[in-house]
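Trainee: Take a look at this one; I'll ask things after.
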Amino acid sequence: MNMQRVLTLVGKEAREVLRDRVYLMLAFALPVVFMVVFAYGMTWDIESVGLQVVDESQTPLSREYAQHFLSTHHFRRVGGSGGGAPGDAALVDGSARVVLWIGPDFESDLAAGHSVDVLAEIDGAFTMAARTLRGYLEGINAQANAELRAQAMARRAGVRGAGVEQAIEPVRLQTRFLYNPDVSSVVMVAPSMMMLILILVPPLLIAVSVVREKETGAIYNISSSTVTRLEFLLGKLVPAVVISMLDGILLWLIVWLWFDVPFRGSVPQFALAMLLYVTGTAGLGLLVSTAVRTQQAAIIITTLASTIIATQFSGLFAPLETAKTANQALARLFPVADFLAVVRGMYLRGAGVEVFWPELLRLAAYAVVVLWLAHALFHKRSRA
C-alpha cells in the first residue's frame, strides 16, 4: 500500500466534499435535524393527559378523591363531572385518554366501612402510554387510600399525627432515582440518538460517494490506474470517518448544551468508542456500495438497513436482555447494541473502559470484519 496515493485520494475526496453543497448538507445539517426531531419526538414523558371525571356521587368526599388525580401534573380535567357526562364518548373522540367513574354510593359505602369500586377506563390504543397511565392511577389511588385509612383511624382511635402514619405504614419505602433524578426521558433519549444518527449518516455518505464514481464514470480512472482496491477504499473511508467524528462532536455538544444532559464519563474513552463505531458503520456503507450502481438505490438501501438495525437490534425501545435468545444473538452481529450501552453508561453513569472493554472489543472486531468484507467484494472494474 502506497501512503502517498492514499493521501492523494483523501485530498481529492476532501475537495469534492467541499464543492458539493448537497453532500455538506447531508454531512452536517442532517444529523442536527435528526437529533432535534428524534430527541423531542421520542420522549416518553406523559403529562397533562386529558382526564374526565364522571362523579355520580357529587359529595365532598368524592370530589376530594377526584382532586387527588387532578392535582398532579400528569392529568388535566376535560369535560364535565356530573353523573350524566358521556365518559365513553370522550374516549371515542380523543378528548380524554382516561375516564374516572365514581359511583353514586361512594361516600355512604365508605362511611359504612365497605370497600368501594372506582372504575378507570384508559384508552388502550397507545399501549406503552396506557401502561404508564395505569401506573400513575394506581399510585395516586394508593396515596388516596392511605389518607382515607389515616382519617378513619384518627376518628376511631383518637390517634393523631405520627401515630396514625406509623400504624398504617410501619415500613416506608424511600425511593431515589440515580443518574436521572427527574426521570426525564430526554436524558436517556438524547444521548441514545447518537447511536441512531451515527449509523444513518456515515453509511449514507460513503455509499453515495462511491456510487457517484460509478455513475459519473470516474471509477474507470481508478480501474486504469495503479491504485489498489485497498487504497481506493481508504481514500473514501478516511474522509467519511473524519466527517462522522465531527458529526459526533456536534451531536455531543447538542446533547450537552441544548438538552442539558451532562457527560459524566471520560472524553478520550468516549472518542475511542465513537471512532470504532463510525469506522464500522462507514464500512457498512462500503458494503452497500459494492452491490448497487445508482445513488438512489444506495440511499434507499442504506437508510432502510440502518434504520432496521438501529431500531430492532439495539435495545433502544426495550432492554435487549428481554428479547428472545435468537434475537439477542442476531443483535450481536451489529455494533448498535454495544455502542448504545457505551453511550448510556458513559453519559449517565460515568462508567469507563474498565466496564465496557468487552463492548469496545466487539466494536473493533466489527469494524475489522466489515472493512475486510468490503475489500473482498469491491472490484475496480464494474461487472456487467
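Trainee: Which one is right for this structure if Kirkwood radius over Cα pairs in Å is calculated from it: (1) 22.7; (2) 22.0; (3) 24.9?
Mentor: So the calculated entry is the one marked (3).
Trainee: Also, I was wondering about something else. In nanometres, what is the gap between the two model label sites at LEU246 and LEU178, each 7 Å from Cα along Cα-to-Cβ?
Mentor: Roughly 4.0 nm, to one decimal.
Trainee: Between beta-carbons, use under 14 Å as the cut-off and find the net charge around PHE334, counting Lys and Arg +1, Asp and Glu -1. It would help to have the intermediate numbers written out before the result.
Mentor: Details: positive: ARG332, ARG362; negative: ASP338, GLU359.
Surrounding charge for PHE334 is 0.
Trainee: Taking the Cα atoms only, what angle lies between the long axis of helix 353-377 and the longest principal axis of the chain, rounded to 10 degrees?
Mentor: Roughly 40 degrees between the two axes.
Trainee: I need ARG293, ARG97 ordered by Cβ neighbour count within 10 Å, fewest first.
Mentor: Numbers: ARG293 11, ARG97 23.
So the ranking, lowest neighbour count to highest, is ARG293, ARG97.
Trainee: Okay, moving on. Using helices alone, I'd like the mean residue ellipticity at 222 nm for the chain: each DSSP H run of four-plus residues gives -39500 (n - 2.57), total over residue count, nearest 500.
Mentor: On the way: 16 runs with 240 residues, N = 384.
Value at 222 nm, helices only, nearest 500: -20500 deg cm²/dmol.
Trainee: Same structure, new question: For VAL53, list long-range residues whose amide hydrogen, built 1.01 Å from N in the peptide plane, is under 5 Å from its own amide hydrogen.
Mentor: Those lying under 5 Å, H to H, from VAL53 are VAL78, LEU100.
Trainee: In degrees between 0 and 90, to the nearest 10, how far off the longest principal axis of the chain does helix 60-70 point, with axes built from Cα atoms?
Mentor: The answer is roughly 10 degrees.
Trainee: Going by the alpha-carbon gyration tensor, a ≥ b ≥ c the square roots of its eigenvalues, is segment 238-278 rounded (a/c under 1.5) or, if a/c is not under 1.5, prolate (a/b greater than b/c) versus oblate?
Mentor: Note, shape of segment 238-278 comes out oblate.
Trainee: Given a Förster distance of 35 angstrom, what is the FRET efficiency for THR216 paired with ALA125, based on the Cβ-Cβ distance and rounded to 0.05? List each step's numbers first, then the result.
Mentor: Details: r = 50 Å, r/R0 = 1.42.
It comes to 0.10.
Trainee: Let me ask another. Can you pull the one-decimal nm distance between simple spin-label points at GLU56 and ASP88, each 7 Å off the Cα toward Cβ?
Mentor: About 1.3 nm, to one decimal.
Trainee: Okay, moving on. Neighbour counts of other C-beta atoms within 10 Å: give me HIS379, HIS68, HIS74 arranged from fewest to most. Could you put the intermediate results ahead of the total?
Mentor: Numbers: HIS379 11, HIS68 15, HIS74 21.
The fewest-first ordering by Cβ neighbours comes to HIS379, HIS68, HIS74.
Every number here is computed from the coordinates shown, using simple stated rules; none is lab data. Worth saying up front: this structure is predicted, and the values here are computed from it rather than measured. Counting neighbours? That spans all protein chains shown, and the Cβs are built from the backbone with ideal geometry, glycine included.
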